[in-house]
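The values are calculated or read from the model by the stated rules, or taken from the named source; none is laboratory data. Note that the structure is a prediction, hence the values are computed from the model and not measured. We place every Cβ from the backbone using ideal geometry, glycine too, and count neighbours over all the protein chains shown.
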Amino acid sequence: MRVAVISDIHANLEALRAVLTDIVRQKVDKVYCTGDLVGYGPFPNEVIDLIREKRISTVMGNYDDAVGFMRFICGCDYKDEKAQALGEKSIMWTKEHTTEENKEFLRNLPAEIRFTAGERRVLLVHGSPHRLNEYIYEDTPADYLQELMEKADTDVLVCGHTHKPFHLTVQGKHIINAGSVGKPKHGDPRATYVIISFAQDVAVEIRKVAYDFEATARAIEQSGLPPEFAGLIRRGIA
């Protein structure tokens with residue numbers, strides 16, 4: 001069984017289209033999304049519409065929660081006051097430019113998705129099994145990850161939220177971050193997602209997909225969103 005997992009699209013339609021095209025070429029069995037369809041980017045409705053059209057099973061991200069429920073904040077961990085102010089502008093813009101129908105779709109996204117692949121139990125969340133806005137990094141202490149996996153009652157945990165893809169194992173269990181389709185933070189403007197192969201072992205391929213990020217950056221600059229977001233798209237880093 002081979003599945004593709006995308007995450008953190010953040011209203012970047014160009015990147016999503018490119019990634020979905022690449023996924024088709026990989027001939028996977030199923031596509032999942034670990035959330036954050038909206039925020040920061042200029043095409044929230046178009047991204048949601050495409051996810052719905054393709055019937056991609058999606059969990060709720062913190063931005064999906066904030067926009068769907070019209071919250072004032074998204075629960076992000078901002079590095080400074082400037083980043084927080086930009087994030088608040090992003091939330092406000094996105095709420096104003098997302099249709100009521102699509103807000104209802106965001107509100108009804110599940111907090112988690114579980115399935116089995118062979119004998120392995122797989123859990124998909126946005127942040128962590130504890131909270132949709134908890135950051136799980138590659139250097140998160142192994143003892144904490146082991147405890148997290150035991151409490152979550154899963155063999156494979158797939159998440160997003162950090163925008164930094166990785167795959168690590170802790171006591172035979174797998175923790176996978178799908179990276180970010182629409183707002184990468186790994187120092188490369190290419191979109192990222194993962195393909196997970198379930199056989200005798202669990203194998204993860206982190207795929208980087210080139211797309212017309214300049215088109216997205218220009219659309220941001222013309223949208224009324226903070227122009228700083230265009231620079232982040234061009235650099236592929238926070």
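Among the criteria (1) more than 16 Å from Ala11 (Cβ to Cβ); (2) touching a Pro at 6+ places or on another chain (Cβ under 8 Å), the one Leu37 does not fulfil is (1). So is Pro129 at pLDDT 95 or above and under 26 Å from Glu205 (Cα atoms) or not? Against the criterion (at pLDDT 95 or above and under 26 Å from Glu205 (Cα atoms)), Pro129 qualifies.
For the stretch 206-233, the set of residues classified as closer than 18 Å to Val19 by Cα, surrounded by 14 or more Cβ atoms within 10 Å (Cβ to Cβ) and charged (D, E, K, R) consists of Arg207, Lys208, listed by residue number. Residues that are surrounded by 12 or more Cβ atoms within 10 Å (Cβ to Cβ) and under 30 Å from Arg2 (Cβ atoms) within the stretch 103-117 comprise Phe105, Leu106, Leu109, Pro110, Ala111, Glu112, Ile113, Arg114, Phe115, Thr116, Ala117, listed in sequence order. So the check is Cβ under 6 Å with 6+ separation or different chains; which pairs have a first residue in the stretch 130-156 that's free of Cβ contacts under 8 Å to residues at least 60 places away in the same chain and a second one that's loosely packed, with under 14 Cβ neighbours inside 10 Å? Cβ pairs passing all conditions: Gln146/Gln171. A Cβ distance below 6 Å, combined with a sequence gap of six or more or placement on separate chains, defines the contacts here; from the stretch 94-110, residues that are within 14 Å of Ala66 (Cβ to Cβ) reach residues that are among the polar types (S, T, N, Q) and surrounded by fewer than 19 Cβ atoms within 10 Å (Cβ to Cβ) in the pairs Asn102/Asn45.
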